[in-house]
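> I have a structure here, written as structure tokens, and I will follow up with some questions on it.
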Amino acid sequence: MGIFSKLFGKKKPSNINQATPSTDVAVRNTPIQSERTILSIHPDIRDLLWIGDGKYKNYIPTPLKRNTISSNGISFTVSFSEEDEPSLIFLRLPISNTTEAVERPPYYPTYKGLSPKQRGVYWRLLANPYDSTIDIGYVFILYYGLERYLLTDKYEEAINVIIKLRDVHTNKSFQMYTANAIILTCLTKQRADIVQYFLDSLDKEHEFNFSSNLFLLCKYALGLPLTASDVMRMAKSFEFTKNNYIKKYPDMFLKMLSLNIIEKYKEDTIPWDKLITNTEFRKLPTEETPIFANVSIWDKTIQVVSLLASFRLKKTIYDLLDKTHEDIKQRLSEMKREEITVSEVAKPFSDKKPKEVQTFDKAQERKLLHDYNMAKDNSLEQHFASIALQDFYYKYRDLDRIYLDKCIEYCQDDIAKLPDIQKKYIEDMRRRTLSYSSLLTPVEIQQKLSSIDPFTGSIPAFKRLAIIYEKRKDYKSAINMCDRAIAYYSSINLQSLVSEFEERRQKLINKSRD
């Protein structure tokens, strides 16, 4: 328990995951009282909403505040201005229930900024927050409020709901922000028991879409050894790029990796004392990690120890993966000589169904193109519609060359529009700030306008194009794409991504010389 208590404190009794009373709370929307409309709220979240008016008001705007939190030598400041809370519900605002298709919320959505029809969709989410068919933009509005509750004495209840939401809402950004918020809240609250509960909840592939460093930090802090599945899943984090056997023969690779771990460590997991010492841990650098998605909580990053900066750790795991890769290569060669099929070898330890023949989804393509074209007047919204198209066409890259070409086309188009995206984002943030001008002094308004940060959302097109060009052995284009990414991320001061593309660029240069 030594490492455990150093980072997350001693184990405390937790109320997390306890049964929640099943009685609904009825909230009346006063402008439509005559229609006797009653809006139902799911019992899990009935005490975790922020209300700005009416009988249930629980939120009073206050001047800008700054709270500094320290834990084990790590300190960070959270600044928040309460009038900006994006999840704040105003019961006086009209709500329209409709079965028609409703336009998705904008990026960084707020309840106040929704149309009446969009509020109708949001209230459907409040009735059942675990409905995975509702657009992720509405889920983020709810989540913004839950993040603020993480700064209160209701943080356990908020974490419990967030973990349930992670189970059904698969969006990668949502998974990343929720995991970061849970882990870093537990760090500041010294709640190792909740960290353990969070790790136990990771039973679906999409739930691992968050920082590998934070996952490793949790395992290290809890003294939990690494499993073969952990190592295989995070292979790229250990700079292992020979992943063709991992993709083609995952069951065989996992079995061989497990055997290699047993051979080396005399057990089927890797203990931390074989990977890094306490002295080495204390000397590790830190990395900037985002905490909150809620834009009203201004300081959104803290410095967290980077376990992946440990050369010994990365080399040990890399060598294991490399040995497994070579063992698989040799085994496949033997099987070919012996006329043994991979399926015969994998069958005893594989529960997976045969891979279905891939067919192009024309209906999904029409929907995504419709969303993209509908957002033509809003470069920021079109950016996210473009990412969906990039993902869609890349999925079918092996079906026909035309789909990879379309993916490249939308990636290049998205990168070309980055200046417009930044401009639109700044305009939206300025407009949002000015909408609260009646609550602020002229000096406060000017301070907030001058402190608006640029859009720092993900631009996956950079990485995707670099990978595509690298696979084509077009190293010149891949290096050029890294240069463009470095220039862009440097301009908005995202040093972690600058470093990532500098490393990628150097590897490409080395490959081009081979």
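The values are calculated or read from the model by the stated rules, or taken from the named source; none is laboratory data. As the structure is a computational prediction, the values presented were derived from the model and not from experiment. Note that we place each Cβ from the backbone using ideal geometry, even for glycine, and neighbour counts take in every protein chain shown.
> Kindly check whether there is at least one residue in the range 223-230 that is surrounded by fewer than 18 Cβ atoms within 10 Å (Cβ to Cβ) and touching a residue at least 60 places away in the same chain (Cβ under 8 Å).
The answer is yes; a qualifying residue exists.
> Filter the range 330-361 down to residues that are more than 29 Å from the chain's Cα centre (by Cα), modelled with pLDDT of 85 or more and surrounded by 13 or more Cβ atoms within 10 Å (Cβ to Cβ) and give me whichever is farthest from LYS248 (Cα to Cα).
Among those that are more than 29 Å from the chain's Cα centre (by Cα), modelled with pLDDT of 85 or more and surrounded by 13 or more Cβ atoms within 10 Å (Cβ to Cβ), it is ARG331.
> Filter the range 80-101 for residues that are surrounded by 16 or more Cβ atoms within 10 Å (Cβ to Cβ) and over 28 Å from GLN422 (Cβ atoms) and give the result.
ILE89, LEU91, LEU93, ILE95
> While we're here: Of all residues in the range 184-205, which are among the charged types (D, E, K, R) and surrounded by 22 or more Cβ atoms within 10 Å (Cβ to Cβ)?
ARG191
> Within the bounds of the range 300-311, is there any residue that is touching a residue at least 40 places away in the same chain (Cβ under 8 Å) and of a type in the set (D, E, K, R)?
no
> Ok, one more. Within the range 103-121, identify whether any single residue is assigned to a helix (DSSP H, G or I), over 23 Å from ASP53 (Cβ atoms), touching a residue at least 12 places away in the same chain (Cβ under 8 Å) and not basic (Lys, Arg), and answer yes or no.
no
> Taking the condition assigned to a helix (DSSP H, G or I), in contact (Cβ under 8 Å) with a residue 12 or more places away in the chain and of a type in the set (A, V, I, L, M), does LEU165 pass?
Yes; evaluated as a whole, the condition is true for this residue.
> Would you tally the residues in the range 386-419 being touching a His at 6+ places or on another chain (Cβ under 9 Å) and over 16 Å from LYS463 (Cα atoms)?
The number of residues fulfilling the criteria is 1.
> Could you tell me which residue of the range 125-150 is farthest from ARG191 (Cα to Cα), considering only residues that are hydroxyl-bearing (Ser, Thr, Tyr) and crowded, with 21+ Cβ neighbours inside 10 Å?
TYR138
> Sticking with this structure for a sec: Mind listing whichever residues of the range 270-305 are over 20 Å from GLN175 (Cβ atoms), in a loop (DSSP other than H, G, I, E, B) and at pLDDT below 85?
SER296, TRP298, ASP299
> Look at the range 151-170 and say how many of its residues are touching a helix residue (DSSP H, G or I) at 6+ places or on another chain (Cβ under 8 Å) and surrounded by 18 or more Cβ atoms within 10 Å (Cβ to Cβ).
The number of residues fulfilling the criteria is 11.
> Which members of the range 138-151 meet the condition of being under 15 Å from ILE194 (Cβ atoms) and not in a helix (DSSP H, G or I)?
Matches in the range 138-151: LEU150 only.
> Inside the range 464-480, can you point out the residues that are assigned to a helix (DSSP H, G or I), without any contact (Cβ under 8 Å) to a residue 40 or more places away in the chain and closer than 17 Å to LEU404 by Cα?
ILE467, TYR469, LYS471, SER477, ALA478
> So, in the range 445-460, of the ones that are among the aliphatic types (A, V, I, L, M) and closer than 19 Å to LYS423 by Cα, which residue ends up modelled with the lowest pLDDT?
Only one residue fits best here, namely LEU449.
> Another question, if that's okay. Residue check, ASN493 against (1) under 21 Å from the mean Cα position of the chain (by Cα); (2) outside any loop (DSSP other than H, G, I, E, B), all met but one. Which one?
Single failed check for ASN493: (2).
> Mind counting the residues in the range 118-137 that are within 16 Å of PHE90 (Cβ to Cβ) and out of contact with any His (no Cβ under 8 Å at 6 or more places or on another chain)?
5
> Would you mind telling me which numbered condition in (1) buried (at least 19 other Cβ atoms within 10 Å of the Cβ); (2) out of contact with any Asp or Glu (no Cβ under 7 Å at 6 or more places or on another chain); (3) touching a residue at least 60 places away in the same chain (Cβ under 8 Å) ALA181 fails?
Going through (1) buried (at least 19 other Cβ atoms within 10 Å of the Cβ); (2) out of contact with any Asp or Glu (no Cβ under 7 Å at 6 or more places or on another chain); (3) touching a residue at least 60 places away in the same chain (Cβ under 8 Å) one by one, ALA181 breaks only (2).
So that you can scan it fast, the table gives a plain yes or no per residue for (1) more than 26 Å from ILE486 (Cβ to Cβ); (2) aliphatic (A, V, I, L, M):
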residue	(1), (2)
TYR372	yes, no
SER379	no, no
SER386	no, no
GLN390	no, no
LEU399	yes, yes
CYS411	no, no
GLU444	yes, no
SER451	no, no
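> Quick check: anything in the range 198-214 closer than 20 Å to ASP167 by Cα and touching a Cys at 6+ places or on another chain (Cβ under 7 Å)?
yes
> Restricting to the range 82-104, count the residues that are among the aliphatic types (A, V, I, L, M) and over 24 Å from ASN294 (Cα atoms).
Going through the range 82-104 one residue at a time, the tally reaches 1.
> For the range 306-319, which residues satisfy the criterion of being within 17 Å of LEU216 (Cα to Cα) and in a helix (DSSP H, G or I)?
LEU307, LEU308, ALA309, PHE311, ARG312, LEU313, LYS314, LYS315, THR316, ILE317, TYR318
> Condition first: assigned to a helix (DSSP H, G or I) and more than 30 Å from ASN128 (Cβ to Cβ). Can you find one or more residues in the range 195-210 that meet it?
No, the range 195-210 contains no residue that is assigned to a helix (DSSP H, G or I) and more than 30 Å from ASN128 (Cβ to Cβ).
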